Structures are given as structure tokens and as C-alpha cells.
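The values are calculated or read from the model by the stated rules, or taken from the named source; none is laboratory data. These figures come from a predicted structure and were not determined experimentally. Note that we place each Cβ from the backbone using ideal geometry, even for glycine, and neighbour counts take in every protein chain shown.
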Amino acid sequence: MNKSFKLSSEQFKTVFAGLSEHYCIVGPKRFAGLGRFSDTDLIRYAPLTSIDELELAEKSCFSPKDLVFPPDETLFYFNGQQFSEAALPDNLEIIVLLRPCDINGIDRLDRMFMKNADVIDPYYQRRRSRLHFFMIECRESFENCFCVSMNANRSDNYAAALRFGKDGVEAEVASDKFLETFAVNGSVFEFKPEFVSENQIKVELPKVETMPPEIFTDKLWEEYDSRCISCGRCNTSCVTCSCFTTRDLFYGDSRTCGERRRVWDGCHLDGFCDMAGGHTFRKNKGERMRFKTFHKIYDYRKRFGVDMCVGCGRCDDVCPEYISFSNCINKLSARLKEGAE
Ligand code: SF4
Ligand code: SF4
């Protein structure tokens, strides 16, 4: 049964220090001056050496997906005779501090990589099995969030849930693994995490069992032909975008020795749809936006029963062309209601 505790800031620092001896603790961290515009900061998931480094005031620009699905990962080495899998750099288990939308985002990745027609991706699984979620309670939205519309604002998939206050931390501990450290350092207390119940941004999901074929060529998508510049920022910042390509890297002049890497790719990027024989699909940016939209809120649901998009709003945060994905979903729903041309 879950148990709850209250800890002063000092007591929680003791918990953090104790856990740091056995786990790598990762959470959103601020990197001053490294943002994409001058004089802005970058906030991304990184190992924390102290709980004071945890960024709570702003949304992270990147999601925690690189913990399970790194942007560039060597899968195995080969030499013409045999291959050997690349070992992970360490065996450390990881405590990751993250919000409910990102827990749900990793659930969407789990379905893609581990529950997809019963095929398990071992490279994903070995990273995923090291993670323990410490959920950061999230009672207020950031800009562009629409997690409530996507039913991704709540989660009970955590080892511990934490409410950070001015004077300390309230915690609900769900995993026996972490019970003792909270029990020894804190005092028993009634606490259950709360969840944001309304976002400023709301989306209406299309209520169709089957997409009418006309919507594939609807003029709705034409807007993105000129606006989108195929930078792929929306893909790289998205917690659920999981497309990749594989690259064989040969060492020196060798034609037999090298390594195979898995590298992030994205449906908005040029080259994503290039095929043997020089064929290319979805040349227009609008077609790419259509593909992404259907994948996030239609195709994935048909396969897994939930939407892929969790409404974190990062794609809207980072798009240099101010393209809003939440607006796109609403436009699609409106077009379906009025009947696509
Ligand atoms: S599509 Fe946008 S809002 Fe949805 S999960 Fe990806 S980044 Fe977040
Ligand atoms: S971030 Fe915006 S401009 Fe860049 S690929 Fe995505 S939709 Fe297009």
C-alpha cells in the first residue's frame, strides 16, 4: 500500500543525497545562456547533483525520451565474421523526476517499442528497465499545454509522487524500494498528488472511426506547404516521436568492420521518405503535417487504444514558424464536421 510523508527541505536533501549514492537522479535542469535565442536558457533533462538544480518554474525544452531512446545510439559492432552488441556505458539505475504528461509519453513509447505486435526492442527495453519515475506533481499548466484534452494529465505510474513546496516536500511512495529512505527521514502525513484539470489550450479530437479519404487531400494541409520549413524541431522535442533511421558506420577504409547506429529521424525532415529507386513520398510539407497529425491522434489510437500525443505542447513551444499543433487538430476536427472538400 502507498505511504505518504512530509519532509522539510533539509530532510529531502538527505533523501536525495542517500539516493544519489545508488542511483543516477535525472530531472529538468537549467543551462544558462544555452537557449535557442540569445540570452535565453536551455532546460533539458540531465543528471542532478543537488535537488536545488531541479527546474520547476519552466517547462523543459526537450522531453526525457533520450533516456530510453537516445538521438544517436550504437546498437552493435561488426567485423565481417561476427557482431557484438554495444554495452551500456554503465549499469546505473536512474530515478527520473518528470511530470505526468511525460510519464504518459514514455508509456506511448513503451507501446511502440515493447508492446507492438509482441515484438520487444531489446535496446529500448534495457534502458527502460533502469528507470524509476518520481512524478513531479503538476497542478497548473505551462504555455501551450493541452494534456487535459489528451487525457494525459494524470498518472499513477510512479515509484513516488512529489509535491515541492516552499518549506519542503510532500511525498507519496508507491514502491517498497524507496519506502525506507522516506520513512527514516520524513514524518507520516496524508498526501495524494493532484493533477491539472483545465488547460488554457483545449483541443477537440476528431470523432471519427474512419477518416474520410477526402480529408487526405483537403486544402487544410496546404497552409503548411509554405509555412513549415522542415526543420524537425517539433519531432525532436516531442516525447512520443519515435522514428529513427539506421546507419552503418565503417571504420577507416574497412569494408567489413564498423558499427550500426540508430539515429533519430522525423517525418517533417527532408529525406525521411526517400526510398530505393529514388522514390520520395510526401514531398510537400503539408503532406508531412497531415501524416504526423494522423499518426498522433488517429492511427496510433486505432492500434493501441490511446492517442499518441500527450499534449505537452513542446512542438508548439519550439516551432520557428509559430505552427501550432493544437490549432491543427482543432482545424482538422472543424473540417471533418463541416465535411471535407
Ligand atoms: S505532438 Fe506536440 S503536444 Fe503532442 S506529445 Fe508531441 S510535442 Fe507534445
Ligand atoms: S517545428 Fe514547425 S517549421 Fe519545423 S518542421 Fe515542425 S512544424 Fe515545420
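If you go through region 286-301 and pick out every residue that is of a type in the set (D, E, K, R), more than 11 Å from ligand 2 (Cβ to nearest atom) and either buried (at least 23 other Cβ atoms within 10 Å of the Cβ) or closer than 21 Å to PHE272 by Cβ (or both), you end up with 4.
With respect to the conditions (1) over 30 Å from LYS115 (Cβ atoms); (2) in a loop (DSSP other than H, G, I, E, B); (3) in contact (Cβ under 8 Å) with a residue 24 or more places away in the chain, ARG335 lacks only one, and its number is (2). Restricting attention to region 307-333 and to residues that are farther than 14 Å from LYS202 by Cβ and of a type in the set (Val, Ile, Thr), the residue that is farthest from ligand 2 (Cβ to nearest atom) turns out to be VAL310.
Conditions tested, residue by residue: (1) assigned to a loop (DSSP other than H, G, I, E, B); (2) more than 19 Å from the chain's Cα centre (by Cα).
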{"residue": "ARG30", "(1), (2)": "no, no"}
{"residue": "GLY33", "(1), (2)": "yes, yes"}
{"residue": "LYS59", "(1), (2)": "yes, no"}
{"residue": "PHE62", "(1), (2)": "yes, no"}
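The set of residues from region 302-325 being of a type in the set (Lys, Arg) and either surrounded by 17 or more Cβ atoms within 10 Å (Cβ to Cβ) or outside any helix (DSSP H, G or I) (or both) comprises just one member, ARG314. Taken as a whole, region 249-259 holds no residue that is over 21 Å from ASP218 (Cα atoms), under 21 Å from the mean Cα position of the chain (by Cα), more than 13 Å from ligand 2 (Cβ to nearest atom) and surrounded by 15 or more Cβ atoms within 10 Å (Cβ to Cβ). Which one is surrounded by the fewest Cβ atoms within 10 Å (Cβ to Cβ), of the residues in region 216-241 that are outside any helix (DSSP H, G or I) and within 15 Å of ligand 1 (Cβ to nearest atom)? Going through the qualifying residues, I end up with CYS231. The residue of region 64-89 that is modelled with the lowest pLDDT, among those that are over 30 Å from ARG314 (Cα atoms) and assigned to a loop (DSSP other than H, G, I, E, B), is GLY80. For PRO213, the conditions (1) at pLDDT 95 or above; (2) closer than 22 Å to HIS268 by Cα; (3) away from ligand 1 (no atom under 16 Å from the Cβ) all hold with the exception of (1). Screening the candidates ARG154, ARG130 for the property of being buried (at least 17 other Cβ atoms within 10 Å of the Cβ), within 21 Å of GLU73 (Cα to Cα), charged (D, E, K, R) and not assigned by TED's automatic domain parsing to the domain that holds SER237 yields one hit, ARG130.
Among the residues here, LEU269 qualifies as over 23 Å from LEU98 (Cβ atoms), within 16 Å of ligand 1 (Cβ to nearest atom) and modelled with pLDDT of 95 or more. Restricting SER141, SER149, SER129 to residues that are over 24 Å from GLU58 (Cβ atoms) and over 15 Å from the mean Cα position of the chain (by Cα) narrows the list to SER129.
This table checks each residue for (1) away from ligand 1 (no atom under 16 Å from the Cβ); (2) within 21 Å of LYS331 (Cβ to Cβ).
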{"residue": "ASP248", "(1), (2)": "yes, no"}
{"residue": "ARG255", "(1), (2)": "yes, no"}
{"residue": "ARG260", "(1), (2)": "yes, no"}
{"residue": "ALA276", "(1), (2)": "yes, no"}
{"residue": "ARG282", "(1), (2)": "yes, yes"}
{"residue": "GLY286", "(1), (2)": "yes, yes"}
{"residue": "LYS292", "(1), (2)": "no, yes"}
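For first residues located in region 165-187 and of a type in the set (Ser, Thr, Tyr), partners that are in a strand (DSSP E or B) and lie 6+ apart or on another chain with Cβ distances below 8 Å form the pairs SER175/HIS132; SER175/ALA160; SER187/PHE5; SER187/LYS6; SER187/LEU7.
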